[in-house]
There are 4 protein chains.
Amino acid sequence: MSTPTLSSLTPEARRLLESQNIELPSWAFGNSGTRFKVFGTPGTPRDPYEKLADAAQVHQYTGAASKVSLHIPWDLVDDWADLRRYAEDLGIEIGAINSNVFQDDDYKYGSLCNPDKAIRRKAVDAHRRCLDIMSATGSTDLKIWLADGTNYPGQDSIRERQDRLAESLQQIYADLGPDQRLILEYKFFEPAMYHTDVPDWGTSLLHCLALGDKASVVLDTGHHAPGTNIEFIVAQLLRVGRLGAFDFNSRFYADDDLIVGAADPFQLFRIMNEIVAGGALDPDSGVAFVLDQCHNLEAKIPGEIRSITNVQEATAKALLVDRVALAQAQRNGDVLGANGILMDAYNTDVRPLLGELRESQGLAPDPMAAFLASGYLERISAERVGGQQASWAA
Amino acid sequence: MSTPTLSSLTPEARRLLESQNIELPSWAFGNSGTRFKVFGTPGTPRDPYEKLADAAQVHQYTGAASKVSLHIPWDLVDDWADLRRYAEDLGIEIGAINSNVFQDDDYKYGSLCNPDKAIRRKAVDAHRRCLDIMSATGSTDLKIWLADGTNYPGQDSIRERQDRLAESLQQIYADLGPDQRLILEYKFFEPAMYHTDVPDWGTSLLHCLALGDKASVVLDTGHHAPGTNIEFIVAQLLRVGRLGAFDFNSRFYADDDLIVGAADPFQLFRIMNEIVAGGALDPDSGVAFVLDQCHNLEAKIPGEIRSITNVQEATAKALLVDRVALAQAQRNGDVLGANGILMDAYNTDVRPLLGELRESQGLAPDPMAAFLASGYLERISAERVGGQQASWAA
Amino acid sequence: MSTPTLSSLTPEARRLLESQNIELPSWAFGNSGTRFKVFGTPGTPRDPYEKLADAAQVHQYTGAASKVSLHIPWDLVDDWADLRRYAEDLGIEIGAINSNVFQDDDYKYGSLCNPDKAIRRKAVDAHRRCLDIMSATGSTDLKIWLADGTNYPGQDSIRERQDRLAESLQQIYADLGPDQRLILEYKFFEPAMYHTDVPDWGTSLLHCLALGDKASVVLDTGHHAPGTNIEFIVAQLLRVGRLGAFDFNSRFYADDDLIVGAADPFQLFRIMNEIVAGGALDPDSGVAFVLDQCHNLEAKIPGEIRSITNVQEATAKALLVDRVALAQAQRNGDVLGANGILMDAYNTDVRPLLGELRESQGLAPDPMAAFLASGYLERISAERVGGQQASWAA
Amino acid sequence: MSTPTLSSLTPEARRLLESQNIELPSWAFGNSGTRFKVFGTPGTPRDPYEKLADAAQVHQYTGAASKVSLHIPWDLVDDWADLRRYAEDLGIEIGAINSNVFQDDDYKYGSLCNPDKAIRRKAVDAHRRCLDIMSATGSTDLKIWLADGTNYPGQDSIRERQDRLAESLQQIYADLGPDQRLILEYKFFEPAMYHTDVPDWGTSLLHCLALGDKASVVLDTGHHAPGTNIEFIVAQLLRVGRLGAFDFNSRFYADDDLIVGAADPFQLFRIMNEIVAGGALDPDSGVAFVLDQCHNLEAKIPGEIRSITNVQEATAKALLVDRVALAQAQRNGDVLGANGILMDAYNTDVRPLLGELRESQGLAPDPMAAFLASGYLERISAERVGGQQASWAA
């Protein structure tokens, strides 16, 4: 395949690429770190408004990131209508509302699975508050990731915690508005170190099936055991119509939360290939695509821009796969031929094509260069002095 | 806890321990090995009859292994009624029938998931033959483990293979007799190296749910990603009533198929603890407990005896857990206390108790010593000369 | 093996068990947590003196934990002679001095490997300060664990960082006093997520060999890839005389820093078995045995007591291995026999024997029960009010 | 970076790319498989001569694979001078001689580490035979990979096996001719399942250091724990001058032996980047680059051709890295910038450049297409009928 241009894409492929939109996490703009140290950066936002302003920059230069997920209570404000208006003025909107039920002292032994009924009720209420915020901001997705689990065998009953979880989720689900849905994330381990209450897609799916049609699974690339074939899970969840959201990031070891595509760009391509093959790239597919990353060392806004372009490149490659030839080679048992067709798309340099696409949308062909030249980073470093910088963990 | 005796057990715990029965795999008595080499042993069986004879030895000395799983076509015989009678004369019976659809050249690209419809049909028919053998031998479980998968990205469509799998399973399921059930095993990887068509419990469960009440999941300890919390899966599958069988073995790295309890005896205890807590130890629970191991270096009959006693020890410890105190400590958030109650049972030496139990059943207290003293190994080494030794892979 | 008593031990085994001493980490008594949350506990120490007081409790009830490692700058005090005296009055002494060169903002891109020469010099100087503290406190071990590494491929040169590390270590090594040594810890990953500058025992050993005889490797059980055979590394480092210290803790997934023996007690036994077989249990062996754990959820002093007794139990079992019979079975290629001899010791309940040993030393047979009954926890919870609780990460 | 052409390369980079030569393994042309099944292919070689003929095809179309490693005794012939001549007539030569000391029944409990002195001697003699073959064929590398290890804790003494290994290696090393060297491979696990006698690079290096200058380490990409940073090991071994050979293949899970670059092409690029940065690409560097793969499902000659082109592509990308800009960004702590420079090279499509290079060497630009069009596969399928096909495991 010679270097492809925009015209190498089918009209449908072009439409999908143009309409691709990836949600940004408000917390990626705050400081973050490891249990050993959180390093600060000049210009880090000090409130949700500044986070939105930074997120708007990512959208301004990529044209592909018009939504921002909030994390509650990290992003609590007094006036939701005002925040919503502020976002709209910036040309963006509020995306999923993420509940945080792991940083209050009461949640030491869990939230929705806690052995103490009063604490479970408190955690359910925290989710109800999120539903209110959704109503106030126009958000449709309640995204639940739980830190619940145990550190030692015997610490609590695995089985009873499942039952408590089912009951708590049901109470939240019952309060969903007609246009709202609940999406449930799973994670292999961390912060719990012996058992996690929603450790795998099977567990998340079982709870979603029990809840009803408005519940779906959230897949985060960093939340699996080493070696897990993530594109298989994507294909499987699409097959049963329960992939609610896909959280992008990348990892070498655990839940490293690195820039998507940084650790294994070929895996990202294989995932996007299943997304494309399963028809989930379409904005109407019901699958939300979200970044969920930490920028511990690198600059945060550029880190998000790089993430968006990485996803776009993987997507463009997936859209270039010759699916007719692929299906033919697969039917023929031509192992090397079929693999070669996939690799041919992967090995293609799609950056020129994406530059063209951006220019056709009135954007600079290289979002990173354009942003860095804008002086925005220097400006916020100078202006945002004093106050408490937002942090991933606070 | 001082050294417990039989009277330390509640009557119900004693009943459960006495009635515990673990199925033996016929293939554990044949030679086995790695892709590098299969080492032979004097006295290795040359046909299914000799395998049954060896298995009967394990039961004779442990009193806890009265069933033998067969693998088809490895264990094909001309006259099933005769084999059944032979087993009964030995005091044992035929357990699950395992289908082997991975060693015929036609299955190079899969069996129930193969892109070629004719090969899928052949694989379905192979399972129908197993159903016939079940009817002829009194077996009730059709156990399906598939080697299906791909080695290279793009080699075949992950999604379409799922659809083919669902269709093939449905055809088999439709032919189940009233007292027969289908149990579907999952495996993380091997022999397929890029993707496996039934890689995790979620996938197996989805297919079982689609099939109906007579389909359940088989959990094999060696078939998971590194770090997977297996007792969680046990608890979850018991919770939804779909744990069909539990395959015992152990592993340090991949699917090592070592003697159960040899690599991580504490994990085995935690698993048995969930089994006990979930009421699945009762013979009426519908959960089949099976060894699925290879004895590549060690003697095979003694290897199976060690396996049975290892499971018994883990079970006895699980039955000794003070569940009232444990529940109390869990409710109190007493992390160390709760963990300590579990560890107290684990750290107990239950071998004297089990020796007592065996003597109360008319058995020698140490099955391994009794078997080794019997001269059986020497006898078969001398007698079984000539012919083709059975092998795990043939 | 029937339940062993003190007299089951050979005199030499008894001597070794009696003289076993495990160093405690000062930071285990402060609060600790994950990147998500640090939960506090009433009674947590607010300064190094209170940490020593708590550590002394562990020694008082176990008789096997007379040393305390310090972490600098976490444990900085104005008057080292005073702290030393305080320790001696408590019946304990100062153990290894751990350098912390990962929490100052300057160390964002590394310490001894930093591309900036001035920062490397600062980090070297931080170690020189530790050497001074060693002189002032009578400590002989400078323990170096580095957070150095990178998060993204290309971020820095792997090779040049090794050269910088070698140079920095040489500068520190040059300043070691005649009775001081440098021990270098390795870690697979975290906090660095792409590459770690001392990721494995091979790297640590290479640097130690280049430095000279006073440099040795520190092995921490939680710092390996999944599946790593740790007892092999113990045997190998003992073989070449370079095991400087062994850090106890346990893990299910990553560097979980759980109570030693909590996740895989059989692994702990196998490790102690190599320690015993390699003659490293002897206090003169030059191997320091240290706890390095976090008690995120459980009470801290009891957590340390449980850790000590877990190590003692594993050690007692290792001392009970019938090494003559084992060597014989190994020579005979008796796989099951040799394994069985090891498992026989492991399956033994050594708690009564250890209770006897403690009583012979004038201690209560059950250190945990005795400590919990002492009222110390209640006392410090009431007394230690106000001030800033010490935290693992500050 | 726009699509690069040959002239984008510096003259030195072009020289290195032109001179790149990757050794082929004779066994890749025979049938191979898993412990479950070895599938055969029409046209598979039946003797070493046919393997060499197939290997010569790979060289004919790629111009980059002029050497063939042999495996003894798999590749034993009566007349080595004749085989050598045959190779030379084909335009290729004999590369490393690999010893196989794992398929004789005597090696059940190990070869160079076996507890039985007579078997160790037999294994040493097998290596001496390899040295003779090296002399007869002009090969300079004795490549040792051992299957030695144990399956069960206690089965043998880890420590004593190391001592036996050291002694056995010394005997072999003593017989090396002046132009011969010994290269020692390590492997994390398989076929041994509890412990492997040379499990990691540290162990291999320790033995090499003890042997002397003519001993070096072999790194095989598939022989590591999950998550291991292989390029780090490359950099470290180059730094100490002990990287003897690099075995290419790829893996998703264990030692999958898939086509290099098939599972993680970015990892392959990172490895080649360290190779280039460390000056090891030069043919005089003393590092042998070798394929070590199995083609279980795919056609074997095309599989090897794909492997060669994959390595060439990764190499060309590594040669395009702007090392001046990279060093500058690294010095500046510009995390995203430095990473971006590396990714810029990786994301480049170098296939046109490599096509140009081949044409400049008188080769077809697309080796795979040219080979497939040649009719060779059809010819051998028709001609090689009867006889015993060579197999990886025999």
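Brief remarks follow.
- log10 of Debye I(q)/I(0), alpha-carbon scatterers only, for region C:20-383 at 0.06, 0.09, 0.14 Å⁻¹: -0.22, -0.51, -1.24
- Computed from Cα atoms alone, the Kirkwood hydrodynamic radius reported for region D:186-297 is 14.4 Å.
- Largest-first ellipsoid semi-axes for region C:153-204, taking √(5λ) over the Cα gyration tensor eigenvalues, angstrom: 24, 14, 8
- Per-residue [θ]222 nm for chain C (sum of -39500 (n - 2.57) over DSSP H runs n ≥ 4, rounded to 500): -13500 deg cm²/dmol
- Portion, in percent, of the accessible area of region C:296-372 that falls on carbon or sulfur, probe 1.4 Å: 54 percent
- Rounded to the nearest 20 debye, the dipole magnitude of region A:257-360 is 120 debye, with +1 charges on Lys and Arg beta carbons, -1 on Asp and Glu beta carbons, and the Cα centre as origin.
- Across region C:20-383, C-alpha contacts under 8 Å between residues 6 or more apart give a mean separation that, scaled by the residue count, equals a relative contact order of 17 percent.
- Kirkwood radius and radius of gyration were both taken over the C-alpha atoms of region B:319-366, and their ratio Rg/Rh is 1.22.
- Scattering curve values for the protein assembly as shown, log₁₀ I(q)/I(0), Debye with Cα scatterers, q = 0.08 Å⁻¹: -1.11
- Region A:62-76 versus region D:168-222: alpha-carbon centroid distance in Å: 54 Å
- For B:K122, the distances from its label point to the matching points in the remaining copies are 4.0, 6.4, 7.0 nm, ordered from shortest, with each point set 7 Å beyond Cα toward Cβ.
- Per-copy distances of the A:N332 label point, shortest first, in nm (7 angstrom along Cα→Cβ): 5.0, 6.1, 7.2
- Surface calculation, 1.4 Å probe, protein heavy atoms: D:S285 sits at approximately 40 Å² accessible.
- The DSSP beta bridges internal to region B:20-383 are antiparallel in roughly 15% of cases.
- Nm distances between copies for B:G227, ranked from closest, using label points 7 Å along Cα→Cβ: 0.4, 1.3, 1.4
- Dimensionless Rg/Rh of region C:89-181 - Kirkwood Rh, Rg from C-alpha atoms: 1.04
- Å² of accessible area per residue within chain B, as computed with a 1.4 Å probe and no ligands counted: 31 Å²
- Those lysines that a straight Cα-Cα span of less than 27 Å connects to D:K117, excepting residues fewer than 8 apart in one chain: B:K37, B:K300, D:K108, D:K143, D:K187, D:K214
- Fraction of antiparallel bridges per DSSP, region A:21-125 only, in percent to nearest 5: 10 percent
The values are calculated or read from the model by the stated rules, or taken from the named source; none is laboratory data. All figures in this text were calculated on a predicted structure; none of them were measured in a lab. Here the Cβ is made from the backbone with ideal geometry for all residues, glycine too, and neighbour counts use every protein chain on show. In case anyone asks, the SASA skips ligands and DNA or RNA and just uses the protein heavy atoms, side chains included. Shrake-Rupley method; radii C 1.70, N 1.55, O 1.52, S 1.80 Å.
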